[in-house]
1. Inside the range 1-12, can you point out the residues that are surrounded by 15 or more Cβ atoms within 10 Å (Cβ to Cβ) and part of a loop (DSSP other than H, G, I, E, B)?
2. Here are some conditions: (1) surrounded by fewer than 18 Cβ atoms within 10 Å (Cβ to Cβ); (2) within 23 Å of M1 (Cα to Cα). E62 meets all but one. Which one does it not meet?
3. Which members of the range 14-56 meet the condition of being surrounded by fewer than 18 Cβ atoms within 10 Å (Cβ to Cβ), aliphatic (A, V, I, L, M) and touching a residue at least 40 places away in the same chain (Cβ under 8 Å)?
4. Only one residue in V78, V101 is in contact (Cβ under 8 Å) with a residue 24 or more places away in the chain and under 13 Å from the mean Cα position of the chain (by Cα). Which one?
Amino acid sequence: MNRVLVLDDEEVVRQLIAEILVRAGYVVEAVGEAAAALARLAAEQFDCVVTDLVMPGLSGLELLRRVREHDHGLPVVVVTGQGTDENLARAVELGATAVIVKPFTHAELRAAVAAALDH
């Protein structure tokens, strides 16, 4: 069973993403800040990360950069509601496996995670 780490600073969004993925059969851990996500990634094995792009403190772009430094192959799905074209292009440049824009459908999220895991 694939383990997915979900990171979003908005609790409602974080819970929604986690619920969608649990219903799709994934084991999900959810955190609200990038520092907590980095600590989890250092301590545990995950098969995929789903992260918000714009957050206070450490951004999703910075998280993605740090993930790529330590684990180049870990799939990272970036989810954003405030993504400028520049930020989305930067996410892809940094190695995001997929980028989806809020509001997204349950099917879009499931498809992005499944494709990332197959990548």
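1. Selection gives N2, D8, D9.
2. (2)
3. A24
4. One residue alone meets the criteria, V78.
Values quoted throughout were computed directly from the atomic coordinates according to the rules given, and no laboratory measurement underlies them. All of these numbers come straight from a predicted model, not from anything done at the bench. Cβ coordinates were reconstructed from backbone atoms using ideal geometry, including for glycine residues, and neighbour counts include every protein chain displayed.
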